[in-house]
Amino acid sequence: MEACPQFNEDTGFVGAATISQVRLFNTHPTGQALKRERLSALMGDGGIQECGYAQNCVEICPKEIPLTTSIADVGGQVMKQALGDLFRK
Ligand code: SF4
């Protein structure tokens, strides 16, 4: 997280690792039960919108986890849910 310019006290950004975990849990059959809650949490302060796509995280990840792929995927899920919520109101 140290390499992420957005991961600091000012933004309160949850960071790439957390977003990647959300992707993992949302795809897991058991984890899907809380999918909406996870995505709603990423719409709030310090959520996915704080990512500036600097790509530092994916460049330095020692495990070569496709973090920016996860950020893009979860970003799409968040957007889809946000739009759905707009029409649900
Ligand atoms: S892409 Fe950049 S801003 Fe986004 S989590 Fe990775 S290092 Fe941080």
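The values are calculated or read from the model by the stated rules, or taken from the named source; none is laboratory data. Computed from a predicted model, the values in this text were never measured in an experiment. Because the Cβ atoms are built from the backbone with ideal geometry, glycine has one as well, and the counts that use them run over all protein chains shown. These accessible areas exclude ligands, DNA and RNA; they are computed on the full protein's heavy atoms, side chains included. Shrake-Rupley method; radii C 1.70, N 1.55, O 1.52, S 1.80 Å.
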Any chance you could count how many residues in region 5-40 are more than 13 Å from the ligand (Cβ to nearest atom), among the hydroxyl-bearing types (Ser, Thr, Tyr) and either more than 17 Å from Lys80 (Cα to Cα) or not in a helix (DSSP H, G or I) (or both)?
1
Kindly list the number of the only condition in (1) within 13 Å of the ligand (Cβ to nearest atom); (2) open to solvent by less than 40 Å² (accessible area, probe 1.4 Å) that fails for Met1.
(2)
In region 78-89, the residues that are crowded, with 16+ Cβ neighbours inside 10 Å and either assigned to a loop (DSSP other than H, G, I, E, B) or away from the ligand (no atom under 15 Å from the Cβ) (or both):
Gln81
Are there any pairs with C-beta distances below 9 angstrom linking a residue in region 59-77 that is part of a helix (DSSP H, G or I) to a residue that is open to solvent by 60 Å² or more (accessible area, probe 1.4 Å) and among the hydroxyl-bearing types (Ser, Thr, Tyr), with the two at least 6 apart or on different chains, and if so which?
Thr68/Tyr53; Ile71/Tyr53; Ala72/Tyr53
Being of a type in the set (A, V, I, L, M) and under 17 Å from Val14 (Cα atoms) is the filter here, so list the residues in region 35-64 that pass it.
Leu39, Ala41, Leu42, Met43, Ile48, Ala54, Val58
Condition (residue is open to solvent by 80 Å² or more (accessible area, probe 1.4 Å), away from the ligand (no atom under 12 Å from the Cβ), modelled with pLDDT of 95 or more and assigned to a helix (DSSP H, G or I)) applied to region 41-58: is it met by at least one residue?
no
As an exercise: evaluate Thr18 against (1) open to solvent by 70 Å² or more (accessible area, probe 1.4 Å); (2) without any contact (Cβ under 8 Å) to a residue 12 or more places away in the chain and give the number of the one condition it does not meet.
(1)
Of the listed residues (Phe7, Phe25), the one being open to solvent by 70 Å² or more (accessible area, probe 1.4 Å) and under 12 Å from the mean Cα position of the chain (by Cα) is Phe25
